[in-house]
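Every number here is computed from the coordinates shown, using simple stated rules; none is lab data. Just so we're clear, the structure is a prediction, and the values are computed from it rather than from any experiment. A quick note on method: Cβ atoms are made from the backbone with ideal geometry, for glycine too, and the neighbour counts reach across all protein chains shown.
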Amino acid sequence: MTIKAQDLADFMVECTFSGPRDLTPDEQLIWAPRKWKLFVDGSAAGKKCGAGLILSSPEGFEICQVIRFDFPLTNNEAEYEALLAGMKLARSLEANHLRAFRDSMLVVKHFSGEYEQRDPRTKAYATKVKDASLSFETFELSQIGRENNGREDTLSRLASAETQSLISSIYLTKAKTPSI
């Protein structure tokens, strides 16, 4: 039996999801229609440094990535490396509109210009993020609470853990040199 065009059009109008309802303020911040969403977290604990990121397409498809850094970083530098890696992944997938979320207030405030970068390495990282943001039609960087960044935090800690094998849906990458 064939579906008539009008019936299909009526069905699409009735079933179109125009957006979530009754969202909390944190959920309203995260919900962004037609934009790719990037959740990142960096971690440095002694000689073990890593990053975890989750990139979500507008349709909701998620890519999880774990990055192990084979070079020394401070915790703030690991946060920047995580953000840059996520931005690079988004560009490789031809994302034009990206909304990035992180729990590091320092990185967000550096990007917005609210905080001044005094350390030369931090300044270099902030400049690199600004330059990378220009490759998107729109780019937003927002801070979220640590309670909303748990999955990325777990991935970043997984990157620095001693693991022989990871779940096949997580992509483990090793970065040999810093972005700056």
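Sorting the segments 70-76, 36-42, 85-91, 135-141 by their residues' average number of neighbouring beta-carbon atoms within 10 angstrom, most packed first, yields 36-42, 85-91, 135-141, 70-76.
Within a straight-line Cα-Cα reach of under 29 Å, residue 123 can be paired with the following lysines, leaving aside sequence neighbours fewer than 8 residues apart in one chain: 35, 37, 47, 48, 88, 109, 174, 176. Residue order for 98, 106, fewest other beta carbons within 10 angstrom first, comes to 106, 98.
With neighbour counts taken as other beta-carbon atoms within 10 Å, the residues 115, 125, 80 rank, fewest first, as 115, 125, 80. Residue order for 62, 79, 114, fewest other beta carbons within 10 angstrom first, comes to 114, 62, 79.
Taking 0.36 nm per residue of separation and subtracting the Cα-Cα distance, full extension of the segment from residue 109 to residue 91 would add 4.2 nm. Scalar couplings 3J(HN,Hα) for segment 41-50, obtained by applying the Karplus form with A = 6.51, B = -1.76, C = 1.60 to θ = phi - 60°, are 8, x, 8, 10, 9, x, 7, 9, 10, x Hz; x denotes Gly and Pro.
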